[in-house]
1. Kindly indicate the residue of region B:246-267 that is at pLDDT below 95 and among the small types (G, A, S) and also surrounded by the most Cβ atoms within 10 Å (Cβ to Cβ) among those meeting that condition.
2. If the requirement is being open to solvent by less than 10 Å² (accessible area, probe 1.4 Å), of a type in the set (S, T, Y) and either in contact (Cβ under 8 Å) with a residue 24 or more places away in the chain or within 9 Å of chain B (Cβ to nearest Cβ) (or both), which of these qualifies: A:T137, A:T126, A:T143?
3. Looking at (1) touching a residue at least 40 places away in the same chain (Cβ under 8 Å); (2) more than 7 Å from chain A (Cβ to nearest Cβ), which is the one condition that is false for B:D113?
4. For A:L498, are the conditions met, namely being more than 7 Å from every other protein chain (Cβ to nearest Cβ), in a helix (DSSP H, G or I) and not β-branched (V, I, T)?
5. For the condition closer than 26 Å to B:G62 by Cα and more than 9 Å from chain A (Cβ to nearest Cβ), what is the one hit in B:A412, B:A423?
6. Restricting to region A:471-481, give me the number of residues that are crowded, with 19+ Cβ neighbours inside 10 Å and either not aromatic (F, W, Y) or not in a helix (DSSP H, G or I) (or both).
7. Determine which member of the set B:L315, B:L341 is out of contact with any Phe, Trp or Tyr (no Cβ under 6 Å at 6 or more places or on another chain) and farther than 22 Å from B:S418 by Cα.
There are 2 protein chains.
Amino acid sequence: MEAAVIPGADALVLTAAHSGVRVCFANPGTTEMPLVAALDRVPGVRAVLGLQENVCTGAADGFARISGHPAMTLLHLGPGLANGLANLHNARRAHTPVVNLVGDHASWHLPYDAPLTSDIDALAATVGTVHVVPDRTSVGDVTRRAIEGAHRLQGISTIIVPADHQQRNAVEPPAEPANITTRAHIPEDRIHKVAKHLRDSRSRPVILLGGNALSRAAQQAAWRIASSTGARLFCETFPARAERGAGLPNIDRLPYFPEQAVAALKDASAVVVAGAEEPVAYFGYEGIPSVLASPGAIVELARPTEDAETALLELDGILGGTTSSAASTSQPEQPDDSAVLTGAAIGEVVAAGLPDDAIVSVEGGTSGYPFYTASASAAAHTVLTNTGGAIGQGLPCALGAAIAAPDRPVVALQSDGSGLYTAQALWTMARERCNVTVLIAANHSYNVLRTELARHGNSDFGPQATALTSLADPNIDWVALANGFGVGASRVARVAELRKALDNAIAIDGPHLIEMTI
Amino acid sequence: MEAAVIPGADALVLTAAHSGVRVCFANPGTTEMPLVAALDRVPGVRAVLGLQENVCTGAADGFARISGHPAMTLLHLGPGLANGLANLHNARRAHTPVVNLVGDHASWHLPYDAPLTSDIDALAATVGTVHVVPDRTSVGDVTRRAIEGAHRLQGISTIIVPADHQQRNAVEPPAEPANITTRAHIPEDRIHKVAKHLRDSRSRPVILLGGNALSRAAQQAAWRIASSTGARLFCETFPARAERGAGLPNIDRLPYFPEQAVAALKDASAVVVAGAEEPVAYFGYEGIPSVLASPGAIVELARPTEDAETALLELDGILGGTTSSAASTSQPEQPDDSAVLTGAAIGEVVAAGLPDDAIVSVEGGTSGYPFYTASASAAAHTVLTNTGGAIGQGLPCALGAAIAAPDRPVVALQSDGSGLYTAQALWTMARERCNVTVLIAANHSYNVLRTELARHGNSDFGPQATALTSLADPNIDWVALANGFGVGASRVARVAELRKALDNAIAIDGPHLIEMTI
């Protein structure tokens, strides 16, 4: 029996659907039109439109972090991919499998250097692996390899498919899923070696958790290990996904500024990395080391892409510590109803007001750091953070999480400066009726840059430095902006107003934005 | 006498100021803080903040197209550059000299692959030349070479300067401007050869104008040449900058769709390119050639980066044709006050309502094509178009033009889909009190994609194709969006309303947005 022939675009979408792709975050152009038509002909992949590509790529990252399924994007040529690279950078740092589809000019048109021609391959290679479809018969195979590669490497695959190979007849791919690899199991001898390190440590060791060591089971195991060995626990500074709240131990993040992180680690002769990278300074500052742990202190239990969760459970079994769960964390004192909003007050109010099983996408320091501190005592929830530092990640990530988990409430706790990068995400939240409560911490400045200017010895800012770190003159009106994108919104300035607005926003269906004046 | 030492960042800004850089469109981060401080210490370069980097790079393009001065951007690491690449792609296709400054991690911190580390060099190389500052003593020299290179190649230079080389003492650069090259003069024998082609042409020849052949003097010369030789004149489809209106001949653009362009050129045995690229199809379509002119028909007068204007004046001298100016173009019939708005009606009303010496940034086909047709009879003005097809160029380009020419009225005639890519540009227009009238043609769809879907044989769109080409559900409220960014706005649906709103918007100081419901 001969294999059926179908358009290349159909073969591509069919292969993706067979391999677990359920959603494609898209902003297509002319060279992707056959793929757009295929999304209607081939069942199984839901298309979600973003108004700019960094919305699509950030949403794909958030979707995959929550669903565990591969996420797909559809982007138009080199400029479309370029627009989405910043959030692909973040996804790369989060070790999120993302598969980008980029149409290209028809293969026979490429040599003529038409206006939209550019080096797509070079752009894609900066964030992951590149899979160019060489002819119409290879569409299915290349797609399968790209999806398998994204999973195997826990990273970004980009499929570049010329328009003619989308249109012409390809071979219908077999209805088998791609071979999806899971996280590598840690060999027993490595776990025993770590156990020995923890038992023999000359000083209080540290265990730094990241990757799937931030699941509920893994955090509980880490807490038992810490109880039996005297180890201190830290969570990596910017986790891709961390469970948090109700019943979990209160594991602080490793501090962001290197002086504080060095101080936190300096007495540890062993720093066990469990699903986390070896800790390095976020930026280099004169006189402060790039490597945060003491020389020779790092002991590897699991790399970020390995199965740190199972390794911690096995390590706990070897060490045979307590079997009790972490004690519940006491509620921090709540700010007065009449108090004005500060980063700290917002963190406390949001943590206290979080519904059960929420997903919280956190971007920005103003209320993000205080929230993380306060959230140990919150209801059980999942936190997503900005893993790569490319700002504009929080709103798209919340969007993708909401598409992945329509029954869970999503909160986007967002600083204003980074929120403005991809405010277009609000529109897709409205269109897709996502249950996202967007909380904008509106201090109308790039506050982190003022801190950094001061660190560089410029405490007295001139007018240009002041202007370049200010979002005032005019202030952004986030309520108007949200309404412009079809999202209802309100503005609050006091603790009582925030409490009420937060409750209301969580209760309603669909998105709502709250501008928090601080 | 020894040279004075100053911080590397100061040496960089000083070299730029000496070389004619007057404005820097910026969105800096931690690794650019010494440069931000230097912008206050070193006089001469005005910093303009954009809320997202594609606003900065598009504004730099618009600024340089209008001012003729080199434009500069300041971008944060790889992700900041990535966010600005789409409009750098357009600037590259416009042959606009742009110099990007990108800070990098301190050179000694780079090996540790901190979260924000990425391959900046590879990203920058996709749009132009890359100039990495290797040590603190080279800052001035590298900056000078990058600026000279941007001018010589009429393209994009990116300076990557590690944070430590910005901070430490460099040698104070000499107070001499960089060696700015101008457009290459066309050799006399080439001009004579073109003259012979035009005289001897077996059929009516075509002259295709681009680059500086779209100045007033060059268009007049082309008109005289056409009068004496029987040549037909076309303007390239997407000119970087074209003078238009009052007293100029009505030179149509070469049609966008290749069937029509092929038809326009098919009888010409000679197609003289004067500052334009050899015409190729924008996209490849099965059965339609990529190359639009007949084989062997192209005759080169001037490449896009060469001095086509002087070449046309010399060619006119050789051919010795008429000395009269082009006849004035008659006003097209104006639509009725009570008529609803269509793309055609908008084009006619805006052309008729244009003030003297306006700059019009046009992006999008809905009202853009009709406007270009109608604008032959408008007051004298300058048109800027999207040269590279990366959408989101119109508003940033208008912003940059307004900064370059504060005394000229600027009109941004903008389709809604592309406008949403970089709507953040509105805020900078408000902050800098730019005299920009933003006209949004709001059809709430990616209409061009529906045309392309139909061209691909999909006339019956499925629900996903419909959703992916629709900006409705919910409709964007551009009045609210503009207000959110601090820009006053109004909405019109009839011809009379548009006429009145346009007059009002042009009369007031600062930006105003008009949403045109079509």
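1. The extreme case among them is B:A246.
2. On inspection, the qualifying residue turns out to be A:T143.
3. If we test B:D113 against (1) touching a residue at least 40 places away in the same chain (Cβ under 8 Å); (2) more than 7 Å from chain A (Cβ to nearest Cβ), just (1) comes out false.
4. On the way: more than 7 Å from every other protein chain (Cβ to nearest Cβ): yes; in a helix (DSSP H, G or I): yes; not β-branched (V, I, T): yes.
So A:L498 fits the description; yes.
5. Working: B:A423 fails: more than 9 Å from chain A (Cβ to nearest Cβ).
Just a single option satisfies the conditions, and that option is B:A412.
6. Here the count works out to 6.
7. After applying the criteria, what remains is B:L315.
For (1) surrounded by fewer than 24 Cβ atoms within 10 Å (Cβ to Cβ); (2) more than 19 Å from the chain's Cα centre (by Cα), each residue gets a yes or a no:
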site: B:I191; (1), (2): yes, yes
site: B:V206; (1), (2): no, yes
site: B:L214; (1), (2): no, no
site: B:S227; (1), (2): yes, yes
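The values are calculated or read from the model by the stated rules, or taken from the named source; none is laboratory data. None of the values given here were measured: they were computed from a predicted structure. Cβ coordinates were reconstructed from backbone atoms using ideal geometry, including for glycine residues, and neighbour counts include every protein chain displayed. Side chains included, ligands, DNA and RNA excluded: accessible areas come from the protein's heavy atoms. Shrake-Rupley method; radii C 1.70, N 1.55, O 1.52, S 1.80 Å.
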